[in-house]
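J.: A single structure is presented below for examination.
Derivation of every value follows stated rules applied to the coordinates shown; laboratory data play no part. Not measured: the values here are computed from a predicted model. A quick note on method: Cβ atoms are made from the backbone with ideal geometry, for glycine too, and the neighbour counts reach across all protein chains shown.
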Amino acid sequence: MNASALPLSNNTPLCYSINSPPFNYHPTIASAYFSSIFSSLGLISNLIAFIVLLKSFRQTHSHSRSFFLIFLGGLVVTDFMGLLVTGSIVVSFHVTHFNWRTVDPNCHFCNFMGMSMVFYGLCPLLLSAAMSVERFIGINHPFARSASMPKSRAISMVLTVWLIAGCIALLPLTGIGSYHIQMPGSWCFFNISSKGNDLAFSLLFSLAGLMSLTVSFLLNTVSVVTLIKVCCGQDRNQRRRDYEVEMMVQLILIVVICSVCWCPLLIFIAQTVLSGASLQIKYLLLWLRFATWNQILDPWVYILFRRAVLKRIYPRFDWSRGSIMTSSFSNTLRRFTRTSLGTLGSDGAGEMEKSSVTAPSALKPPPPSP
């Protein structure tokens, strides 16, 4: 039977039916400092990224780039709010050591944090998949997306992703899964169990994240192959793909970061519920810390991996003309051609000058004979 379906003895609220605070755990002052620094670093990073994105959005004239910036903006806002909501609760616990049973006797606060953990956890994964779909259509089927498509379409896609993640986060309140206080008492999350509805929700959360990463990987692979063919093909001079390559690099880095940060936790959840093994708290906390790094590393992808920044790091590289992937080769070939033509031109000019000097003496008629 599912733990959430069992009758609760002594009117114990559902979120405290498995783990009931206070726990035999005394957080150190280092935990408070670590949580505070971690949350502050993530908030500052996402705030800087949002300012940079807003400035770029106002300056860009590319329709596809505007779409991509809207998706990035949605990702930055999601990461910022996720750190703000969950980080403030964790830091408050480490500072005040409050008792959840006293502060939240009816589990409303615990359910809110559990929903926040699920919502802000799934959003980056789903947004990465949505961005990969948008880039796949923009690169492989450019005529399928009209140039006159309003930017509100991208905004509606971001809102749709938020709606899907929100509906999944609300499922435990309908009986599919359940939110519980987790060790060491500073956070709430859904019950990772191989029984009843908890099994269904655990698999739903895990498979939704893994499928999003799989879709992103497959679509980005096809998009990269298409870009390579376009940039290195015969029509590379007609189809400039500077911004496409820049956006593709940023998207690939975002997907890689999501995969590295989230795959251990998603695989751990699926493996635990499918094997029927007992939950290992130490591994859950370890992989959860891995996952939270995603919200800090994501904004630095756009802050650092932009042409404006890369120009300063490598000013010799030709960032203004030609494709990024072929500009180095093109510069080398162009310089070699100019040198060769310059040498030939100087030699030809010299020969012409000599001929112009010697030609009159050669063509001069002989003096008349006496």
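J.: Under a 5 Å amide H to amide H cut-off, with H placed in plane at 1.01 Å, what residues pair with Phe189 once short-range neighbours are removed?
T.: Here His180, Gln182 satisfy the definition.
J.: Further question: For region 117-130, what does the Karplus curve 6.51 cos²θ - 1.76 cosθ + 1.60, with θ = phi - 60°, yield as ³J(HN,Hα) per residue in whole Hz, taken in order and with x for Gly and Pro?
T.: Those phi angles translate into 4, 6, 5, 6, x, 6, 4, x, 5, 5, 5, 4, 5, 5 Hz.
J.: I would also like to ask the following. I'd like the FRET efficiency for His141 and Ser66, computed as 1/(1 + (r/R0)^6) with the beta carbon distance as r and R0 of 25 Å, rounded to 0.05.
T.: 0.85
J.: Calculate, in whole percent, how much of the Cα-Cα pair population of region 175-233 lies beyond 12 Å.
T.: 73 percent
J.: Also, I was wondering about something else. Considering only Leu171, Ser152, Ser212, whose Cα is most displaced toward the positive end of the charge dipole of region 13-313, charges sitting on Cβ of Lys, Arg (+1) and Asp, Glu (-1)?
T.: Value: Ser152.
J.: About the Cα centre of region 13-313, what is the dipole size in debye to 20, counting +1 per Lys and Arg Cβ and -1 per Asp and Glu Cβ, all else neutral?
T.: 1000 debye
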